[in-house]
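The values are calculated or read from the model by the stated rules, or taken from the named source; none is laboratory data. Keep in mind that this is a model prediction, so the values were computed, not measured. Backbone-built Cβ (ideal geometry, glycine too); neighbour counts: all protein chains shown. The area values use the complete protein model at the heavy-atom level, side chains included, leaving out ligands, DNA and RNA. Shrake-Rupley method; radii C 1.70, N 1.55, O 1.52, S 1.80 Å.
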Amino acid sequence: MKRLDAARSPEMSKDEAAEGDVNLTPRRKRWEAENLGSRTRSLLAEDAKHFLHQSLSTPCFNALKSASGIWLEDLEGRRIMDFHGNSVHQVGHGHPHVVEAVKRALDKLPFSPRRYTNEYAVSLAAKLAALAPGDLGKALFAPGGTEAIGMALKLARVATGRHKTVSMWDAFHGASLDAISVGGEAIFRRALGPLLSGTEHVQPCAPRSCHFGCGGECNARCADYVEYVLAKEDDVAAVVVETVRSTDVQVPPRAYYERLRAACDRHGALLVLDEIPICLGRTGAMFAFERYGIVPDMVVLGKGLGGGVFPMGALLAREGLDVAADRALGHYTHEKSPLGCAAALATLEVIESERLLERANRLGAHALAWLRQMRQRRPAVVDVRGVGLLLGIELAHPALAEDVMYRCLARGLSFKVGQGNVIVLAPPLVIEESDLDQALTILDQAIGEAAA
Ligand SMILES: Cc1ncc(COP(=O)(O)O)c(C=O)c1O
């Protein structure tokens, strides 16, 4: 009973707010009272009655009627620009090309039972291999990112004969027990009993909270420490890292990944990059690691891979890691889903035909310059950073970030708040510049009002 009460505390700590907005705060209750009509309230009440309650999820705070492009529409008819989208919406919601491809697959081959392959799955595996740099030529699909992380962990064990991992505090790799064992966010690990053994955690490259004295400009000593741990442990199977941590937009410098790659090679550990929320163009590159001039041993994709319409995860591994023919790495029911693969293929076609990488770089640079100017005018903003169309605005404290978020939600702009005090803007890459500017203006005004 005591534990239940603690879980329901309305206080929002930085730990609790690490991966999103907390759904039990008084500020949320106030927003609901001021902004929701009776129809929405009754649906929310039904939702809260039927679903198990959990942190960051149920109870929900609003209900949706439709989604299209960059827009969500709630039951009240309020239109909301979706700069959150759970990171599935690189091509926007319901892109016609993706929807059409899924409809065609639905009519032709709605499911592919194990034992059979299909043209959608083979085409997607070949396409991803052709796009990926280096020899990341082998794929395994799964019904989600978390499952694909689990497959990477298993393959690392089989390939190295070792079981330990080194991963980062404050990282998120999914919500299953194996994923939270390598993940490092308190809210997902706390009070859940024993996790996987052999999961070492180190400080991530996060310059503004660095304990290695970099003073805001990464000196890559955090990467040297990873090497120190690899040398001491001597039997680490894999170093698992989010190439760019999306919860608060941590963008390490090139030297960090050069050192990490070299350290893994020296100590026989595999480098596994988690690009689930940032794959396929979010950072202005198809794969975020391309920005660093290194190639990992494995990369894990998800979220936007399914075009925002289908759950899809993928593990891409070096050809030489095809060493587990007698083990079950994934074995998921929807492994070679024709619908998921059709959605992914269509998504890749949209990214290429609409030149979304170029667009992410151009609009991202425009937004970052705008935010840097805003920072000069708004003392509440302590840092702005970004890569492609993934932008982080660090505010002085979590209560301010929460207030800004609810003000923006009332005005039709939704985004994620990460690590408690970082506003994360992740608009669809198809966004028009005028809509982006409108969103930045809403944010600016909300910060001004919240800080006043
Ligand atoms: C970096 C990272 N890894 C893994 C996951 C898990 O992906 P999924 O929830 O689709 O299984 C997420 C989801 O937010 C993520 O952001």
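Rounded to whole numbers, the Karplus 3J(HN,Hα) couplings from phi for region 294-299 are 10, 10, x, 7, 9, 10 Hz, using 6.51 cos²θ - 1.76 cosθ + 1.60 with θ = phi - 60°, and x at Gly and Pro. Sequentially through region 188-204, phi angles give Karplus couplings (6.51, -1.76, 1.60; θ = phi - 60°) of 8, 9, 4, 6, 10, x, x, 9, 4, 8, x, 9, 7, 10, 10, 6, x Hz, Gly and Pro residues having no value and appearing as x.
Three semi-axes describe the equivalent ellipsoid of region 318-420; taken as square roots of 5 times the Cα gyration tensor eigenvalues and ordered largest first, they are 38, 19, 16 Å. Each eigenvalue of the Cα gyration tensor of region 42-162, multiplied by 5 and square-rooted, gives one semi-axis; in descending order these are 34, 22, 16 Å.
Across the chain, the mean sequence separation of Cα contacts (distance under 8 Å, 6 or more residues apart), normalised by length, yields a relative contact order of 23 percent. Farthest toward the positive end of the dipole of region 126-211, out of THR146, ALA126, HIS173, is the Cα of ALA126, where the dipole comes from beta carbon charges about the Cα centre. Projecting the Cα atoms of PHE415, LEU43, VAL249 onto the dipole axis of the chain, where Lys and Arg carry +1 and Asp and Glu carry -1 at the beta carbon, places LEU43 farthest toward the positive end. Amide H to amide H distances under 5 Å link THR199 with THR165, where only residues 5 or more positions off or on other chains count and H is placed in the peptide plane.
Candidate membrane-span-like segments in the chain, meaning DSSP H helices with Cα atoms spread over at least 24 Å of their own axis and a Kyte-Doolittle mean of -0.5 or above, are 433-451, with no membrane implied.
Report the one residue of LEU329, ALA365, VAL384 whose Cα lies farthest in the direction of the positive end of the charge dipole of region 293-452 (charges on C-beta: Lys and Arg +1, Asp and Glu -1; origin at the Cα centre). Going by the Cα projections, it comes out as VAL384. Per residue, region 320-452 exposes an accessible area of 38 Å² to a 1.4 Å probe, with every protein chain left in place. Along the chain, the exposed loop sites are chymotrypsin sites (Phe, Trp or Tyr not before Pro) outside DSSP states H, G, I, E and B with at most 14 other Cβ atoms within 10 Å, and the longest stretch free of them is 170-452.
Accessible area of the chain with a 1.4 Å probe: how many percent of it is carbon plus sulfur? C and S fraction of accessible area: 52 percent. Pairs of C-alpha atoms in region 170-218 farther apart than 14 Å represent 54 percent of all such pairs.
When Rg and Dmax are taken over the Cα atoms of the chain, they come to 21.5, 63 Å.
Cross-link reach is defined here as a Cα-Cα straight distance under 19 Å, omitting same-chain residues fewer than 8 places apart; for LYS127 the aspartates and glutamates meeting it are GLU119, ASP135, GLU275, GLU290, ASP297, GLU319, ASP322, GLU335, GLU349, GLU352, GLU354. If only the Cβ of Lys and Arg carry +1 and only the Cβ of Asp and Glu carry -1, the dipole of region 259-385 around its Cα centre is close to 920 debye.
Using the 1.4 Å probe convention, the accessible area of region 139-215 works out to 40 Å² per residue with neighbouring protein chains retained. Summing Cβ point charges (Lys, Arg +1; Asp, Glu -1) relative to the Cα centre of region 159-253 gives a dipole of roughly 180 debye. Can you give me the relative contact order of region 347-412 as a percent, contacts being Cα pairs under 8 Å and 6 or more apart? Here the relative contact order equals 24 percent. Database remark: amide H of GLN250 closer than 5 angstrom to the amide H of ARG245 (H placed geometrically; neighbours at sequence offset of 5 or more, or on other chains; Pro and chain starts carry no H). Amide H contacts for VAL382 (H built 1.01 Å from N in the peptide plane; partners 5 or more residues away or on another chain; cut-off under 5 Å): GLU394, LEU395, ALA396. Shown in residue order for region 234-244 are the 3J(HN,Hα) couplings computed by the Karplus curve 6.51 cos²θ - 1.76 cosθ + 1.60 at θ = phi - 60°: 6, 9, 8, 6, 8, 9, 10, 9, 7, 3, 10 Hz (x for Gly and Pro). This model, with +1 at the C-beta of Lys and Arg and -1 at the C-beta of Asp and Glu, gives the chain a dipole about its Cα centre of some 480 debye. Would you please state the base-10 log of I(q)/I(0) at q = 0.18, 0.31 1/Å for region 24-76, with intensities from the Debye formula using one equal scatterer on every alpha carbon? Values, matching the q order: -0.64, -1.23. Just the accessible area per residue of region 216-278, please: how many Å² with a 1.4 Å probe? Result: 34 Å² of accessible area for each residue.
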